Amino acid sequence: MAYQTIKVEKDDAVATIFFDRMEKKNAANHQVFRDLDAALSDIEADAGMRVVVLTGQDEVFSAGADVSGFDFQKVSAGMYFMELVARTFNHFEYIPKPVVMAVNGIAYGFGTGITLTGDIVIASDRAKFSIREINHGAIPIETLTRGMEVLGKHRIAYLSLMANDIGAEEARDMGLVNTVVPHDQLKAEVARVCDKLKNGAPFAQAAIKRILNRKCHEDWDFALGIMPAVFATEDVAEARKAFVEKRKPRFTGN
């Protein structure tokens, strides 16, 4: 299949999805979510594929959301976007095949959030994580909901409210990452993990995922109820304008 923002390679029962928007540091726009969802549908239907890997290029996993392309002044626009996001994030959690996140570099905002949908997260020692939505007047809804099960309240509150960068080792200590390896060994470590996963029991793997992610729909139903209103605030519009004008936003709480 042809995609605009990602590449997919299938080899020896492993389907690897590469973010492919390096001119935007793999920032996510509407098309990224469409492409990811379509790729997952294709992989899910391919009986020869046993494991899914999501990764980036060079030292960039994803720099977050492509704020310059968002205009949510109408609630309907926010609802449409959140439906895309929810469908894609749900798909990663519900696809009945193990998902490995191979975080090869910066993973900000969306880049951190989507790692929460993975079953196993392996990070390069050059990886950096950050939840930056609050800098844009928004909230990291996937992190506030799905991340609670992974990291707990205090860690999620700190990441979401402070928007600080954290390194791969700190991310591992928090529970966001399973394993940290030297950057030049990331590919080999991912291959080692995939070799074991692709020879596992498919039904048991699918059942494990179903049990672990059983609250996913509840969280995304909540997100769809609140996020369109957040996106439609004047603060989000101001943040987008400030981003384009390369200045700090002036938030008013409206």
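Here Lys241, Lys198 are screened, and the one residue that is out of contact with any Phe, Trp or Tyr (no Cβ under 7 Å at 6 or more places or on another chain) and touching a residue at least 40 places away in the same chain (Cβ under 8 Å) is Lys198.
Residue check: Pro202 meets all listed conditions (1) at pLDDT 95 or above; (2) out of contact with any strand residue (DSSP E or B) (no Cβ under 9 Å at 6 or more places or on another chain); (3) surrounded by 15 or more Cβ atoms within 10 Å (Cβ to Cβ) but one, namely (3). Sort out which residues of the range 8-38 are surrounded by fewer than 22 Cβ atoms within 10 Å (Cβ to Cβ) and small (Gly, Ala, Ser), and write them in order of number. Ala13, Ala38, listed by residue number.
Does Phe72 satisfy the criteria of being assigned to a loop (DSSP other than H, G, I, E, B) and either closer than 29 Å to Ala242 by Cα or without any contact (Cβ under 8 Å) to a residue 40 or more places away in the chain (or both)? Answer is yes for this residue. Scanning the range 144-181 for residues that are modelled with pLDDT of 95 or more, buried (at least 17 other Cβ atoms within 10 Å of the Cβ) and closer than 17 Å to Val99 by Cβ gives Leu176, Val177. Taking the conditions (1) without any contact (Cβ under 8 Å) to a residue 60 or more places away in the chain; (2) polar (S, T, N, Q); (3) within 27 Å of Glu234 (Cα to Cα); (4) part of a loop (DSSP other than H, G, I, E, B) in turn, Thr143 satisfies each one other than (4).
What are the residues in the range 49-69 that are within 17 Å of the chain's Cα centre (by Cα) and either assigned to a loop (DSSP other than H, G, I, E, B) or basic (Lys, Arg) (or both), if any? Residues satisfying the conditions are Gly56, Glu59, Ala63, Gly64, Asp66.
The values are calculated or read from the model by the stated rules, or taken from the named source; none is laboratory data. Remember, predicted model here, so these are calculated numbers, not experimental data. Glycine gets a Cβ as well: all are built from the backbone with ideal geometry, and neighbour counts include every protein chain shown.
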